[in-house]
Amino acid sequence: MDFAIGGIGIAMLIFGIVEAAKKFGVSGKGSQVLALVLGFVFVGLSQAIANEMIAVGVVPFIELVVTAVAGGLAAMGYFDFLKKQVLKR
């Protein structure tokens with residue numbers, strides 16, 4: 001089974017969202033609950049798309065949102081990485 005939406009791997013997406021949420025104060029069991037809920041949502045969406053349970057016209061919008069979230073998370077990661085590199089010097 002391919003757990004991806006719009007080419008974005010769901011496991012990495014969930015990991016990125018949970019890590020970003022931690023930076024905003026989510027911690028402990030809240031992180032676990034968030035990961036569980038996101039897993040249900042994104043795996044359910046990917047399976048619904050794969051089994052053509054979602055209207056064909058809606059799928060591009062779901063892929064757009066998922067890709068935009070992944071892009072935002074990537075930007076946060078680059079920002080943190082560069083901030084750490086600049087502070088090292």
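Add -39500 (n - 2.57) for each DSSP H run of 4 or more in the chain, then divide by its residues: what number comes out at 222 nm, to the nearest 500 deg cm²/dmol?
After summing the helix terms and dividing by the residues of the chain, the value is -26000 deg cm²/dmol.
Can you check how the C-alpha radius of gyration of the range 4-88 compares to 2.2 N^0.38 Å, as a plain ratio?
1.25
If you place +1 on the Cβ of every Lys and Arg and -1 on the Cβ of every Asp and Glu, how big does the dipole about the Cα centre of the chain come out, in debye to the nearest 20?
720
Taking +1 at the Cβ of each Lys and Arg and -1 at the Cβ of each Asp and Glu, which of 82, 21, 46 sits farthest along the dipole of the range 4-88 towards its positive end, judged by Cα position relative to the Cα centre?
Highest projection toward the positive end goes to 82.
Which one, 19, 52, 63, has the greatest fluctuation when you compute a Gaussian network model over the chain with C-alpha springs under 10 angstrom?
Of the options given, 52 has the highest mean-square fluctuation.
Throughout, read-outs are computed from the coordinates displayed, never taken from laboratory work. This one's a predicted model, so the numbers in the text were calculated from it and none came from an experiment. Virtual Cβ from ideal backbone geometry, glycine too; neighbours counted across all protein chains shown.
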